[in-house]
Amino acid sequence: MVREKWASRLGVIMAVAGSAIGLGNFLRFPGQVAQNGGGAFMIPYFIALFLLGLPLMWIEWTIGRFGGGFGHSTAPGMFHSLWEKNRFIKYFGVIGVFGPIVIYLYYVYIESWLLGYSLFALTGKYNGCGSSEAMVAFLHGYQGLEKNQFFSGLSTAYLFFLATFFLNGVVLYFGVRKGIERVCKYGVPILLVLAVVLVVRVFLLGAPDPSHPENNVIDGLGYLWNPDWSALLNAKVWLAAAGQIFFTLSCGIGVILTYASYLAKDDDVALSGLTAASANEFAEVVLGGSLVIPAAYAFFGAASVAAIAKGGVFNLGFVTMPMVLKQLAFGELFGFLWFLLLFIAGITSSISLAQPAIAFLEDEFDLSRRQAVLAFMAATFILTQPAILFLGQGVMDELDFWGGSVFLVVFATVETILFGWVFGMERAWTELHAGSDITIPRPYRFVIKYVTPLFLLTILGCWLIQDWLPILVLEGVTAANRPYILFTRLILIVMFLGLTLMVRLAWNRRQTREAHNAR
Ligand code: PFF
């Protein structure tokens, strides 16, 4: 089968930037900042960017292009190409197909809320909500967590889910070049323009309440940008910052490996990786940091920002932001632009989460793209149901915990060690610079070989020591929710074992074929 290739350099950068720029930039990032004490978060954040995010970006672009040269688009085959003598390493690669699916299972559903909310904004459906409490009730009604005057069940949310799920399928059906690349090439610039328009509007808010001049946009920015060095001693903040860097850059999960596998051997990876990462950081700290936080700060004051964020992960984006925007002139329009921005950011990311699984079926089982997309859609359609139906029982949080944090760190650790130690730093550095338009500063050789893996192992170690037991025994989970969480874990285990078995089958098939050809 002929492997697809990106149509242009700009195209692949836009696709990776599209994957990276997502709900993580505009919803998760401000939420993390607010929950972790504003400026206290930003120092570990930037350190994690330079010592984890950027190195991983380069590692993944390089391994991806390298593995693509052997006809592999996903981690099992790539890891095998990097360490041919080891029979087990391909099974570590399973995480690179499994992890993105796990995130996909809840990400698409949240994305569909944004489609719904953009229409609600435009039609003024939530305009009657006079208070944050009413807006929360609106959200909970929509999510099916309660029946109220706004919604009597899940049907509206379900319709928007079906539409969003289908739309993702259509883009994927068109493939890498005609589907993903094209959507991102238009989607990313559009979402950046929308974000700039909204940032300008937020900056014009000034100090909306004359009796509280201290509640203003500039101080809201200060909340984010005034560093607080004392937080460096708090391990939790470090974990949160590292987790955010991975999530926002789409790193440590296998997605970038897959995208980079569609590059040609002599395509640059060093500058392209850096460009995609920079675009994401611009969208995150400059644009994402200048929307919900300053807006919430100006309207509700310093004390409320953290309280709102702690009250619920979606409150800043789905409650506070629409509350602020609907009070403005042309409020419907601004609300619409906000949710549309998020929806576009979401879809350019969710398609990237689907692609590794699809590529895995294409490469390792010789399915046509259409068959692979249909198989992926059928499987994920069933697997998304628990997150939709049992949102209130914590299924989504459980998926996010494993897919969006734990596996990311484990996978990143494996990749980094494979790259710097097994493949070997000398070869790794040469491979990274093959066809490259820039030379990466030499200290990064040291960082990639020693600092990044040590950093990752420390995170993993701290996490294991502190958390493995409470997590295993479901500490803090109510008795009523336990069956749901256990069921979610069971599904995850079955999925993981299923994929492991598929890798085994694929390799057996290949061996048989090779033996056959050799005869
Ligand atoms: N980077 C995306 C965001 O910030 O929303 C989320 C994401 C996409 C995470 C793809 C991981 C991934 F592989």
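Every number in this text was worked out from the coordinates using simple rules, so none of it is lab data. Everything quoted here is computed from the prediction, not taken from an experiment. Note that each Cβ is placed from the backbone with ideal geometry, even for glycine, and that neighbours are counted across all protein chains shown.
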Original post:
Going down the list K90/K236; K147/K236; K125/K185; K85/K449; K125/K178, which pairs span over 25 Å between their C-alpha atoms?
Top reply: K90/K236; K147/K236; K125/K185; K125/K178
Subject >> Backbone N within the stretch 453-486 under 14 Å of label point (7 Å from L233 Cα along the Cβ vector) >> reply: none
**OP:** Please get the size of the charge dipole for the chain, origin at its Cα centre, with Cβ charges of +1 on Lys and Arg and -1 on Asp and Glu, quoted in debye to the nearest 20.
**Re:** 1300 debye
Subject >> Label point 7 Å beyond Cα of L497 along Cβ direction - residues of the stretch 355-391 with amide nitrogen under 19 Å >> reply: 383
Original post:
Where the eigenvalues come from the Cα gyration tensor of the stretch 202-264, what are the semi-axes √(5λ) of the equivalent ellipsoid, largest first, in whole Å?
Top reply: 37, 20, 8
Subject >> Computed label-point distance, nm, for sites Y450 and A303 using a 7 Å Cα→Cβ extension >> reply: 4.9 nm
Subject >> Relative contact order computed over the chain (Cα-Cα under 8 Å; 6+ residues apart), in percent >> reply: 31 percent
**OP:** Positive end of the charge dipole of the chain (Lys, Arg +1 and Asp, Glu -1 on Cβ, about the Cα centre): tell me which of F314, H212, L464 has its Cα farthest that way.
**Re:** L464
Original post:
Simple spin-label model, 7 Å along Cα-to-Cβ: Q327 to D437 in nm?
Top reply: 4.5 nm
**OP:** As a check on your grasp of the helix formula, calculate [θ] at 222 nm for the chain: sum -39500 (n - 2.57) over DSSP H runs of n ≥ 4, divide by the residue count, round to the nearest 500.
**Re:** -21500 deg cm²/dmol
Original post:
Share of Cα-Cα pairs in the chain beyond 32 Å, in percent?
Top reply: 41 percent
Subject >> Convex hull per residue volume in Å³, alpha carbons only, for the stretch 330-372 >> reply: 52 Å³
Subject >> Dipole-positive endmost among F66, G31, V108 within the stretch 1-136 (Cβ charges, Cα centre) >> reply: F66
Original post:
What list do you get for H212, H80, H140, H72 if you sort them by fewest beta carbons within 10 Å?
Top reply: H212, H140, H80, H72
Original post:
Bin by bin, in steps of 5 Å, what percent of the Cα pairs in the stretch 275-402 do you find, going until the bin that has the longest distance?
Top reply: 2, 8, 12, 15, 16, 15, 14, 8, 5, 3, 1, 0
Original post:
So between E133 and R504, what do we pick up on full extension, going 0.36 nm a residue minus the alpha carbon distance?
Top reply: 128.3 nm
Original post:
So how far, in whole Å, is the C-alpha centre of the stretch 258-321 from the one of the stretch 467-519?
Top reply: 31 Å
Subject >> Per-residue Cβ neighbour rank within 10 angstrom, fewest leading, F339, F365 >> reply: F365, F339
Original post:
What is the magnitude of the charge dipole of the stretch 421-472 about its Cα centre, with +1 placed on the Cβ of each Lys and Arg, -1 on the Cβ of each Asp and Glu, and no other charges, expressed in debye to the nearest 20?
Top reply: 160 debye
Original post:
With charges set only on the Cβ (+1 for Lys and Arg, -1 for Asp and Glu), what does the dipole of the stretch 228-353 come to about its Cα centre, in debye to the nearest 20?
Top reply: 440 debye
Subject >> Positive-end residue, the chain charge dipole about Cα centroid, Cβ charges, pick of V170, G346, C251 >> reply: V170
**OP:** Taking the Cβ of each residue in D400, D363, D467 as the centre, tally the other Cβ atoms inside 10 Å and list the residues starting with the fewest.
**Re:** D467, D400, D363
